[in-house]
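Report on the structure given below.
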Amino acid sequence: MGKTKSSVSLQWLIAWSMVICLLAMASLTVWQGYRGSRTLLIAAANDAAQQLGVLLNERSERLLGPAESALRILNYDPLAQSNTLEQRLQRLPVLIETLRSNRTLSAVYAGYPNGDFFLLRRVESGLQAGGRQLPRGTAYLVQSIEHLAGANVQGRWLAYDNQGEALREVAVSDYRFDPRTRPWYQLAESASDIVLTEPYLFFTNRNIGVTMARRNPAGVVFGLDASLQDLAGEVNDLRLTPGTEIALVGERGKVIAYTDLQRIVTDGAEGLQLATLPELGVPVLEAAHNMAAEARTPQLVELGGQEWYVLNLPLRKVGNNPGSILIAMPAKELLAGVRDTLRDQARLVFALAALLLLIGWALGQRLGQPLKSLGDQVEQLAGFDFSAPIGVRSRIREVNDLSKMTARMAKAIARFQTITLTLSRETNLERMLDLVLEQLIAIAGGQGGAVYLYDEDDGVLRCAGDTRPVHYPGSVPLDDARLKDPARSLASQLDDEHRYLTLALRDRQGDLQGVLAVEVSPLLTNEAVRSLRQFLGSLAGTLAVAIETRQLFDDQQLLLESIIRLLASAIDAKSPYTGGHCDRVPQLAEMLLEQAQQAEEGPFASFALTQEQRYAFRTAAWLHDCGKITSPEYVVDKATKLETLYNRIHEIRTRFEVLWREADIRYWQGRAAGEDESVLQQTRDAEQARLREEFAVVAKANTGGEFMAQEDRERLQVIGKQTWLRYFDNRLGLSGDEQQQLIGVSAAALPVEEQLLMDRPEHLVPWGERKPPVAANDPANRWGFDMELPAHSSNLGELYNLSIARGTLTAEERFKINDHIVQTLIMLSTLPFPKALARVPELAATHHERLDGTGYPRRLSAEQLSVEDRVLAIADIFEALTAADRPYKEAKKLSESVRIMLFMARDQHLDARLLALFLSTGVHLQYGRRFLAPEQLDEVDVPACIDQLRGWGLLDD
């Protein structure tokens, strides 16, 4: 009799399996967590180190940037043309102010081609120079080398106090210095721009710094000594861990900064100087310095039994070539927290394993493996995971029956879930009906089906989706009798060879939405068909509501778009000079946006918008000028300078007519007095000719133009000072607003002598309560506006308006026009846009912003402007340039418009990359053919335009 094999009881098998699986999973999870945490920590340390490098570079640029600017300015200072010490001392105030305004500078000097040298040095308190004690109160020291006649060289030191007043000359008879032999002079002579020396230790104040120099066109080399001491002092505060080593090293290995400042200065044979890395005595930093290429990211290094993560980052602005930022972080300190966490997790895992061992033993007594497997499958269903097949095999009949019922239930739930998700998520009505119909057919076990929607206007059912078109008519008419039972009416139109279920789809009000027809499997029993009808009946209401919701959404969306276009059309219709702008800009913007989305390479290769984002952009484009509904029509259409609600040149002409008649009156009065007729006539004719010529000057000024010369404005002042007599009260027949303007203006006794052209106090219209909140510091400004607000709402002064330098608009009127974008944002911000359209107010109100931050109304920077913002800006400007309906300009041709936009891109007003896409894809030509006159469609040299942008450094090669 053979021995029976030993077996394991079910409860222990389940218990140990659970424990082993838990241990394996937990071990893997803990190990992966440790590796992931370590990676994250290293990545975080790398990010912090990279930020540290950026910070140090930015600080070095902030330290040396002002000095570099000062040097560029000094390069054109008259000091370069000074040939004697006396002439050079005349520039001393400028040099002193240069040192005062740049605390990093210790000296400024100039070396001349003939060997002359002129230096101004800042003197620290109690400092000696060259072993010589300087006078008390010395703040600045001038050191001069001057080549006199006869090959004589004179060296002089002059002491000055803090106010730039001379103290006395310091005796230095042996002072000789030739700047032409110095490295800074030689470097600058061979370079076309500013040169930097390697960092070194300044002799006078023991600070660490660099010398920067530049040769001017006359051959004179200007130099500045700039201190890096502040940068060196900050390194100790930037360590990532207590044991982190940080050093800044120049190109030749000289240490500029270290956490211990005392160790970076050594006393060698040549005196005090900066230590090299070997002299610093930190081996790990030497290792980092030797790994320049590969240490841009953390590298693991082991030195002396200790692991370090080291980085070698570039340091700019410390010489003509970059230096290095050396960082070494102890691995033990960096990963200390991760290792503690690993130990805690391991203890927790073993505690859970012991607990689950007991639980598994208890459960194993009651469960068999088939039930366990089936339970696992049901658990997947509970998590809505229908990917795995459902069912188990067992010798127990009840288990098999349970398995079959579970499989059927899983399929039904999966299909019902699909239907539910489709009804709740799918926004396209036709696609929703197709997906729902497909699932219903599968549930019914049939091969086809159809959904009909009721057309109330035509009184017919129209097929909106089907799987076997040959079996289902395209439409079914419904008269009043058939409308009472539309499901039966549809069933009567279907063939008799198949078995169908038809159900009416009615909304919450009981109104007919359509009819559902599903082919039923002939294998289903009558009881199953009744159950299926009950299920479809409960689903039909949900489907009808979903259809109603989709149709209502489509109707509302159509209504919203119609209202938006109605508003845009109303704005265009408001002024004959801007008609069509609100219609053309959205079309042009969408042309360019489509090209940006289709780009497969270049800067817009990754640019993509969802359908909702596209719809939001289109809505914003149509609303981009909705604020113009508040813009005064007389300002938008202002064709002459004196125009308000009418052209006030007629008033001016009437005054000239008065002066003309006064000349006639004086003529006849002279005749009556017996004066010489020929003299009187000559005087009258000359005066009337002058009046005719002066009115022509005023009338010409009134029409505006690209530029008005200063002498023309002065001529207006002269003409305006002529006087005439007013005999009638100017306060009669006025409106309430006009009377309000005259409050505080005294009435003169009639007749009153007035100037021909005047700027009256009543011409200044205050803002009052309608002052727009556009100032950045305005408490009512919650939109982030940042615009300069004119002092008055309007200025109707005659001379003020006639003296407009460009165009016909005053600053107040130009603000009123620009205010339309303010009103656009304010108006749209009050509307309860849905989440998908939440960005519409900002998109609509950003097309006047510029990349350089000088736009309006919020002075946004380039980083704050999205691609959509930049697209709309290009569309708005191009349409305005090519428009033929503006009172203040002629329509420009394509080439002229593109040329203007190129310079706007150069000046950082427009996105050069989008402008290049606009031209290279032919959007400008596509728009021109649709909207512009044939004479505007001249040739545009697109490759030359793009080369121009690239030449300006605005495009990547």
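The values are calculated or read from the model by the stated rules, or taken from the named source; none is laboratory data. Fair warning: this is a prediction, and the values are worked out from it, not measured in the lab. We place every Cβ from the backbone using ideal geometry, glycine too, and count neighbours over all the protein chains shown. For accessibility, only protein heavy atoms count, side chains too; no ligands or nucleic acids. Shrake-Rupley method; radii C 1.70, N 1.55, O 1.52, S 1.80 Å.
Observations on the model:
- Hits in the stretch 623-659 (condition: of a type in the set (A, V, I, L, M, F, W, C) and open to solvent by 30 Å² or more (accessible area, probe 1.4 Å)): I629, V636, A639, L645, V658
- The set of residues from the stretch 483-515 being in contact with a Ser or Thr (Cβ under 7 Å, 6 or more places away or on another chain) and assigned to a strand (DSSP E or B) comprises just one member, V515.
This table checks each residue for (1) within 30 Å of D819 (Cβ to Cβ); (2) outside the structural domain of I874 (by the TED database); (3) open to solvent by less than 30 Å² (accessible area, probe 1.4 Å); (4) free of Cβ contacts under 8 Å to residues at least 12 places away in the same chain.
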position: V585; (1), (2), (3), (4): yes, no, yes, no
position: L592; (1), (2), (3), (4): yes, no, yes, no
position: Q597; (1), (2), (3), (4): no, no, no, no
position: P603; (1), (2), (3), (4): no, no, no, no
position: A608; (1), (2), (3), (4): no, no, no, yes
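- Condition check for Y200: over 19 Å from T98 (Cβ atoms) and under 50 Å from the mean Cα position of the chain (by Cα): yes
- Filter pass, A540 being among the hydrophobic types (A, V, I, L, M, F, W, C), open to solvent by less than 50 Å² (accessible area, probe 1.4 Å), modelled with pLDDT of 75 or more and not in a loop (DSSP other than H, G, I, E, B): no
- Looking only at residues of the stretch 935-952 that are part of a helix (DSSP H, G or I) and in contact with a Leu (Cβ under 8 Å, 6 or more places away or on another chain), we find that the one that is most open to solvent (accessible area, probe 1.4 Å) is Q948.
- Conditions (1) closer than 17 Å to L796 by Cα; (2) outside any loop (DSSP other than H, G, I, E, B): number failed by N730: (2)
- The set of residues in the stretch 757-814 being of a type in the set (S, T, Y) and assigned to a helix (DSSP H, G or I) consists of Y800 alone.
- Checking the stated criteria, E662 turns out not to satisfy the condition of being open to solvent by 30 Å² or more (accessible area, probe 1.4 Å), under 30 Å from L756 (Cα atoms) and in contact with a Lys or Arg (Cβ under 8 Å, 6 or more places away or on another chain).
- Here the condition is being touching a residue at least 60 places away in the same chain (Cβ under 8 Å), more than 27 Å from S861 (Cβ to Cβ) and of a type outside the set (A, V, I, L, M, F, W, C); of Q936, Q926, it holds for Q926 alone.
- One residue stands out in the stretch 680-695 among those that are under 13 Å from D664 (Cβ atoms) and surrounded by 13 or more Cβ atoms within 10 Å (Cβ to Cβ): the one that is nearest to the chain's Cα centre (by Cα), namely L691.
- Here the helices (runs of 4 or more DSSP H) wholly within the stretch 606-687 that include at least 2 residues being over 30 Å from T830 (Cβ atoms) are 649-672.
- Verdict on A862 being open to solvent by less than 10 Å² (accessible area, probe 1.4 Å) and under 22 Å from L593 (Cβ atoms): no
- Exclusive hit being open to solvent by 20 Å² or more (accessible area, probe 1.4 Å) and under 16 Å from L588 (Cα atoms), set L955, L915, L932: L932
- Residue list for the stretch 846-868, filter: touching a residue at least 40 places away in the same chain (Cβ under 8 Å) and of a type in the set (G, A, S): G855, A862
- Residue match in the stretch 707-719 (condition: more than 50 Å from the chain's Cα centre (by Cα), in a helix (DSSP H, G or I) and more than 22 Å from E798 (Cα to Cα)): no
For (1) at pLDDT 70 or above; (2) open to solvent by less than 10 Å² (accessible area, probe 1.4 Å), each residue gets a yes or a no:
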position: L435; (1), (2): yes, no
position: I441; (1), (2): no, no
position: A450; (1), (2): yes, yes
position: Y454; (1), (2): yes, no
position: L461; (1), (2): yes, yes
position: A464; (1), (2): yes, no
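Residues checked against (1) of a type in the set (D, E); (2) at pLDDT 80 or above:
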{"residue": "D485", "(1), (2)": "yes, yes"}
{"residue": "R488", "(1), (2)": "no, yes"}
{"residue": "D495", "(1), (2)": "yes, no"}
{"residue": "A504", "(1), (2)": "no, yes"}
{"residue": "G510", "(1), (2)": "no, no"}
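- Any hit, the stretch 763-781, residues being open to solvent by less than 20 Å² (accessible area, probe 1.4 Å), assigned by the TED database to the domain that holds A699 and under 32 Å from the mean Cα position of the chain (by Cα): yes
- Per-region count, the stretch 846-859, residues surrounded by fewer than 20 Cβ atoms within 10 Å (Cβ to Cβ) and aliphatic (A, V, I, L, M): 0
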